[in-house]
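Only the coordinates and a few stated rules stand behind these numbers; no lab work does. None of these values were measured; they are calculated from a predicted model. A quick note on method: Cβ atoms are made from the backbone with ideal geometry, for glycine too, and the neighbour counts reach across all protein chains shown.
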C-alpha cells in the first residue's frame, strides 16, 4: 500500500471472494514503512486470510513482526500455494517458528531476501519435496546447504552465501541433486566457501554463475575454490553450457582453463573483473589448425578487465582470437599451410584438418581499462567483423587514479 491508500472494507473483500470462488489467487502484500504501524494486526486481513486455501502465489514485503504473526496463524491452509516470496527489510530475530507454510504441499518456488540475517531463514518451515526453484539471500551456509540438499527436484538455485569459517561448516557426505541445472552463487566473503561444493553432486548442471560481492577485498585469494569445483566435476561429470564469473579474486588461470577443457560444450562464457591472465585465456580460446580448439561450441563471449590484467598488447591478441572464432578457417576445403625447413625453405605440407568451431553468432562484449580511439587499427579490425554480422558491444574506460 502507498500513502493515502486504504485496505478495502472487509465486506467488500468478502463479497469479491464469494463471487470469484472458482479462481485461484495471487496475493502480494506490501506496505511502505510509514504505514507499517497500521498493519501490525493480522485481523485487518481476516476476510482475505479466510481464502488462504485458494492462494497460488504469496509475496510478502512487510515488517517482519507482521509476517511472523501472519505465518504463525493456525487456521491458514496453503494447499494450493506454489510460489512463496518473502522480503525482510531489516534484521529481525523471530520468537517462534513460522509453521503456516507447513501446509504448502504444492510449493514449487521459494524465494527469501533478508539482510544476511541467519535467524529468519532458520525459522521457516515448509515442505521441500516438490521445490524446483530456490532463491535465498542471507542465512547461514549450514542452513542453506541443509535446505537445498533436502530438495530432490531442485532445478534452479540462486544463493547469496555469507561468511563462514571453515571449521564452522559442517562436513557432510555429498548429496546428489540430479535435476539441478542452474546454479547461481554470490559469495559474501573474500575466499568463497569451497566446502559448499564438497557437499554436492550435480550431474545435470548446465549453468554456473559465480561471483563475489562488490565489498570483496580485491587482493584476497581463493586458491581452493576452483579445485573444489574440479572435484565437483569429477563426481558429477556435468557438461556446462554457460559459465559466468564476476569478481573472483586472484582467479588462478590454469584452474579456469582446466575447467574449460573439462566442459567442451560451453556456449556462453563471461569473465568480469576476475584479475586473471587474459593473455593466457586468449591463447586458450584461439582457433588454430595446430590443436583441438577449447570450447568449440562457444557462441557468446564477454571479457571485462582492468589494464593491469588486460594490456594494450593483450587487446591486440584478444581481437585476433575473436576474429579466429568468427571466421576460423579459409572457405577453401583444400587450403594448405606451409612450414619452414632450414634446408628446403618453405614447402606445402598438405591439407590441414579443420577443427570444428562454431561462430560467435550471439556476440562479444569487450571492455578494456585503457582509452581506445575510434580510428584505432585494432578496433577497426573488430568493427570489420561486426559489419559482417557479429554482434559487438565494445567499451573502454580509464580507471580513476586515487587522490594523492
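Normalised by residue count, the range 172-328 yields a Cα convex hull volume of 100 Å³ per residue.
Per the Cauchy relation, a quarter of the hull surface: what is the mean projected area of the convex hull of the alpha carbons in the range 130-213, in nm²?
Working: hull surface 19.0 nm².
Averaging across all directions leaves 4.8 nm² for the Cα convex hull.
The Rg/Rh ratio of the range 61-204, with both radii computed over alpha carbons and Rh defined as the Kirkwood radius, is 0.96.
For the range 232-322, place one equal point scatterer on every Cα, skip the solvent, and apply the Debye formula. What is log10 of I(q)/I(0) at q = 0.24, 0.25 Å⁻¹? So the normalised log intensities are -1.40, -1.49.
By the beta-carbon count within 10 Å of each Cβ, the least crowded to most crowded order of 283, 96, 300, fewest first, is 96, 283, 300.
Divided by 2.2 N^0.38 Å, where N counts the residues, the Cα radius of gyration of the range 221-277 comes to 1.07.
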